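Some notes on the structure that comes next.
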Amino acid sequence: AAACVQYQDRLYVIMREGSAQPGGYFNSNATPAFTEVATMPYGEAAVVYKERIFIACGTSATTNTSRLFFSAIGDGANWPGINFVDVSKGNGQKLVFMLTTNNDIILFKEHSTYRFGYTSDPAKADISLIDEHIGVPASNCAVSYNNNIIYVLHDNSVYELYYNIYSR
């Protein structure tokens with residue numbers, strides 16, 4: 001497993017690309033406790049945002065390296081094949097990590113950062129560039145503080161992201 005999130009009294013486990021077993025969820029009120037979800041995408045980062053689970057592919061991805069997957073609304077075990085968006089596809093960077101803020105998901109590629117937000121349909125989201133030079137090299141190289149300040153490790157320096165502006 002590469003990541004996990006809690007949603008609706010379940011612990012959803014996301015497997016890294018190349019894993020022999022698909023992801024799924026733990027439900028302590030069921031037998032067996034773990035249920036595989038064959039359609040759950042592989043990835044290395046996950047967040048819950050507006051009643052959906054979002055999965056980013058991470059550094060181990062070999063295909064669709066800019067893809068952000070999202071579950072059906074209100075159902076973390078339902079992953080329709082059309083539920084994804086590509087974030088700046090073709091720029092040579094993998095979508096590595098993400099964090100939620102009050103109103104958006106902040107998406108980190110290897111050397112760039114984006115803001116992702118939508119009203120009702122994630123497929124029609126507004127994806128805007130925050131910085132074209134600062135990103136993260138791996139999962140968990142960014143952390144949120146007080147839900148509105150993000151600290152990022154990039155090229156052996158720590159940057160603060162506040163109101164979508166980086167400072168070293």
Please state which one of F70, F84 is open to solvent by 50 Å² or more (accessible area, probe 1.4 Å) and within 13 Å of the chain's Cα centre (by Cα).
-> F84
May I ask you to say which residue of T35, T31 is in a strand (DSSP E or B) and either open to solvent by 40 Å² or more (accessible area, probe 1.4 Å) or more than 25 Å from F116 (Cβ to Cβ) (or both)?
-> T35
Can you find even one residue in the stretch 131-145 that is open to solvent by less than 20 Å² (accessible area, probe 1.4 Å), at positive phi and not aromatic (F, W, Y)?
-> no
Can you tell me which residue among Y49, Y7 is within 23 Å of N164 (Cβ to Cβ) and hydroxyl-bearing (S, T, Y)?
-> Y49
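Rundown of residues vs (1) in contact with a strand residue (DSSP E or B) (Cβ under 6 Å, 6 or more places away or on another chain); (2) buried (at least 16 other Cβ atoms within 10 Å of the Cβ); (3) part of a strand (DSSP E or B), yes/no style:
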residue: Q93; (1), (2), (3): yes, yes, no
residue: F97; (1), (2), (3): yes, yes, yes
residue: N102; (1), (2), (3): no, no, no
residue: F108; (1), (2), (3): yes, yes, yes
residue: R115; (1), (2), (3): yes, yes, yes
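The values are calculated or read from the model by the stated rules, or taken from the named source; none is laboratory data. Because the structure is a prediction, the values reported are computed rather than measured. So basically every Cβ, Gly included, is an ideal-geometry build from the backbone, and we count neighbours across all protein chains shown. Surface accessibility is based on the protein's heavy atoms, side chains included, excluding ligands, DNA and RNA. Shrake-Rupley method; radii C 1.70, N 1.55, O 1.52, S 1.80 Å.
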